[in-house]
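Down below is the structure, laid out as structure tokens.
Readers should treat all values here as calculations from the given coordinates under stated rules, not as data from a laboratory. None of the values given here were measured: they were computed from a predicted structure. For neighbour counting, all protein chains shown are included, and Cβ atoms are generated from backbone atoms with ideal geometry for every residue, glycine included.
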Amino acid sequence: MHVVIITWEYPPRIVGDIARHVEKVASALADGGMDVSIVTFHDRIQGLERQSNGVEVYRVGNPVEPHLNILNWDLTLATEFERIISDIYYSTRGEIDVIDAHEWFSVVPGTILKKALGIPFIYSLYSLEEQRSHYADAPLNIAIRNLEHLGVCEASKVIVKSDWMKSEVERLHSIPGNRVASISPSSPTWAAELGKLYKEATER
Amino acid sequence: MRVLMLSWEFPPRVIGGISPHVYHLSMELAKLGAEVCVVTCDFPGAPDFEAIDGVHVHRVDSYRSPASDFASWVLMMNVNLEMHAAEIVKSGREKIDLIHAHDWLVATAAIGLKHIFRKPMVATIHSTEQGRRNGINTDYQKMIHRTADWLVHEAWRTICCSDYMASQVSYVLRLPRNNIDVIPNGVDLEEFTGYYDRAGFRNRFVRSDEKLILFVGRLVYEKGGTILIEAAQKILRSVNAKFVVVGDGYLRDELMRRAWDAGIGGKMYFTGFLDEKTLRLLYRTADVCVVPSLYEPFGIVALEAMVARTPVVVSGVGGLLEIVEHDKTGVVIYPDNADSLAWGVIKVLKDESYANWIRSNAYQKIVDVYGWRRIAKRTLRFYERVLGEYEAGGWKPT
């Protein structure tokens, strides 16, 4: 099983909680015998790093600078993520079984690769724009909400970290409960649960 | 040859010059046996899918939510274009050998599709942000500039419409000149033929004893409207004529004021924007068409006048110099020089045999060089070259 995880932060780039969390996920999955590739952003360190635990980290820069807002920044970076993941797909490394797209930053490459190459994708959702911006209605918030909605609708499964977030996603995006899985990072079996969800996604 | 065209506008959605360009190019390519599939933005009343003479047109939701700025809208619209293109190719509904992107407006979709399907992508750069704004001055402009830069570097090869644009793209976007091919814009010869009531039509604009001097262009600094007003005073001393000024822009009020101050307000007719049909008839009925531009990437106005068999007087700048040869297919005057412009116009209006010589030479040149069929043939050869390199290289998936 080969999983590609898309994340906008991964150590040494640490913006919030996602970087450390994805690092933990990647290493647990690798220990469980899975092939793990991380595709992420860094403004200076770029290229492929093979970590001692077997995790491959591909770091790219943003092809366009400067940007006026986080949305512009994300959407040009998304195309660069598509390039890297396509290169992995067409290389001798081949075979990508599932893509795990973390947060709205990763929704566009996740969705497009699914539509173009038929790779199933999981949307790991940490928080929603409604919560972060208190239901603000500026065009920027609306665009981010639209991307989150796209991810929720297109992913084979949405993964959240708590039952409360699960109910929030179901409420705000009106989707059936069986599309959202809550996996608590404090649960002793979280890595096994995640592996099971990946497997289910590939079996569809 | 199966081509996926990406364009943000396609008729009936017409915002600038890209829409008619992509339309005519696609139609002629199809006539030459290419399979063309256009993925473009939607338009009220236009179907989501239609086949026009063999060209498949897919119109995609162009992102209807409000956007904080034009570039944000463009990027969200690109997500929709790319998703739709991915779907139709994956499902086998459309088969493609090559992707053709028109300008930075479809950059992210084109680059993404190139990589996910591993197909060669080519780009046409219709104009540059540097040229449109006369410099890159703000972060917003820089972002657009960098996006175009990224597009041409991802493209297998790039098309520009004139040698002038090719050198500008090469310099401004740092692209090796030998990565650029020059294929001009075309004009539709058919659109300028057919019967019309010439005298009746002329009456809407000029008196029967007046010559009609036509100017078509945005009323902005680089199109040379101020030089036209200055030259008009000189021209009117020796010829009875009326200036019909088609187009609009921030200089309109200023130009009108200057005309009235000079006492020639009654001889200048500012029409604003006109519909295509009226404009084409104006081209045909005009006695001379002037293009006094200071900056001109291509010069479609000169081309349209020439196909309508109207003599042109153009300033020697940019793409105009490549279209018009002095004393053969038109009159080339010194840029930013009212005396020179007046001299050129008077010469054409007073010497009928000279005007006729220019008319027929110019028309012949258009037929030989700028017919869409010829341009489509050149584009097809360009595609074949790219595809040949792709097939022979190691990037193609095995």
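Computed over every Cα-Cα pair of chain A and binned at 10 Å starting from 0, the pair-distance distribution P(r) comes out as 8, 37, 39, 14, 1 percent. Between the residues B:46, B:89, B:311, the greatest Cα displacement towards the positive end of the dipole of chain B, with unit charges on the Cβ of Lys, Arg, Asp and Glu, is found for B:311.
Considering only alpha-carbon pairs that sit under 8 angstrom and 6 or more positions apart, the relative contact order computed for chain A is 16 percent. DSSP beta bridges in region B:189-370, what fraction antiparallel, as a percent rounded to 5? Of the beta bridges lying entirely in region B:189-370, close to 5 percent run antiparallel.
Counting every C-alpha pair in the protein assembly as shown, the share spaced more than 42 angstrom apart comes to 34%. Straight-line cross-link reach from residue B:328 at under 26 Å between alpha-carbon atoms covers these lysines, not counting any fewer than eight positions away in the same chain: B:211, B:223, B:234, B:242, B:347, B:350, B:365.
Calculated mean residue ellipticity, 222 nm, chain B: -13500 deg cm²/dmol, from DSSP H runs (n ≥ 4) at -39500 (n - 2.57) each, averaged per residue and rounded to 500.
Note on chain A: helix-only mean residue ellipticity at 222 nm, from DSSP H runs of 4+ residues weighted -39500 (n - 2.57) and normalised by residue number, equals -14000 deg cm²/dmol.
Shielding of B:136-143 by partners, i.e. mean partner chain Cβ atoms within 10 Å per residue?
Other-chain Cβ atoms within 10 Å of each residue's Cβ, averaged: 3.
Placing unit charges on the Cβ atoms only, positive for Lys and Arg and negative for Asp and Glu, gives chain A a dipole magnitude near 200 debye about its Cα centre. The mean number of partner chain beta-carbon atoms within 10 angstrom of a residue's beta-carbon across peptide B:69-81 is 5. Taking 1.567 mPa s as the viscosity and 4 °C as the temperature, the Stokes-Einstein diffusion coefficient of region B:95-179 based on its alpha-carbon Kirkwood radius rounds to 100 µm²/s.
Using the Cβ of residue B:19 as centre and a radius below 9 Å, the other residues enclosed give a net charge of 0, where K and R count +1 and D and E count -1. Simple point charges give the picture: +1 on the Cβ of Lys and Arg, -1 on the Cβ of Asp and Glu, and for the protein assembly as shown a dipole about the Cα centre of about 1360 debye. Counting only Cβ charges, +1 for Lys and Arg and -1 for Asp and Glu, the dipole size of region B:219-326 around its Cα centre is about 460 debye.
Selection among B:183, A:30, B:145 by position relative to the dipole of the protein assembly as shown gives B:183 as farthest towards the positive end (Cβ unit charges, Cα centre).
Could you identify which residue out of B:271, B:124, B:285 has the top mean-square fluctuation in a GNM of chain B using Cα springs shorter than 10 Å? Of B:271, B:124, B:285, the most mobile in the Gaussian network model is B:271. Across region B:60-146, Cα pairs under 8 Å and at least six residues apart give a relative contact order of 23 percent. With the charge dipole of the protein assembly as shown set up from +1 on Lys and Arg Cβ and -1 on Asp and Glu Cβ about the Cα centre, the Cα lying farthest toward the positive end among the listed residues A:11, B:200, B:398 is that of B:200. Normalising the average separation of contacting C-alpha pairs (under 8 angstrom, six or more residues apart) by the number of residues puts the relative contact order of chain B at 13 percent.
Which aspartates and glutamates have a Cα less than 12 Å from the Cα of residue B:114, not counting those fewer than 8 places away in the same chain? Within the straight-line limit of under 12 Å, residue B:114 reaches these aspartates and glutamates: A:80, A:82, A:87, B:82, B:97, B:154. Counting only DSSP beta bridges whose two residues both lie in chain B, roughly 10 percent are antiparallel. In plain terms, the residue of B:37, B:289 with the fewest other Cβ atoms within 10 Å comes first and the most crowded comes last, giving B:37, B:289.
Which residue, B:229, B:88, B:346, tops the fluctuation ranking in a GNM of chain B built on C-alpha contacts under 10 Å? Comparing B:229, B:88, B:346 in a Gaussian network model of chain B, the most mobile one is B:88. Look at the Cα gyration tensor of region A:158-203: its axes a ≥ b ≥ c give a/c of at least 1.5 with a/b at or below b/c, and that counts as oblate. When B:81, A:172 are arranged by Cβ crowding within 10 Å, least crowded first, meaning fewest neighbours, the order is A:172, B:81.
Is there a simple number for the mean count of other chain Cβ atoms within 10 Å of the Cβ of residues in A:69-78, and what is it?
5
Considering only B:226, B:138, B:147, the Gaussian network model of chain B with Cα springs below 10 Å gives its largest mean-square fluctuation to B:138.
Sort region B:41-98 into rounded, prolate or oblate with this rule: let a ≥ b ≥ c be the square roots of the eigenvalues of the Cα gyration tensor; rounded if a/c is under 1.5, and if a/c is not under 1.5, prolate when a/b is larger than b/c, oblate otherwise. Don't jump to the answer; show the numbers that get you there.
On the way: a/c = 2.72, a/b = 1.56, b/c = 1.74.
Verdict is oblate for region B:41-98.
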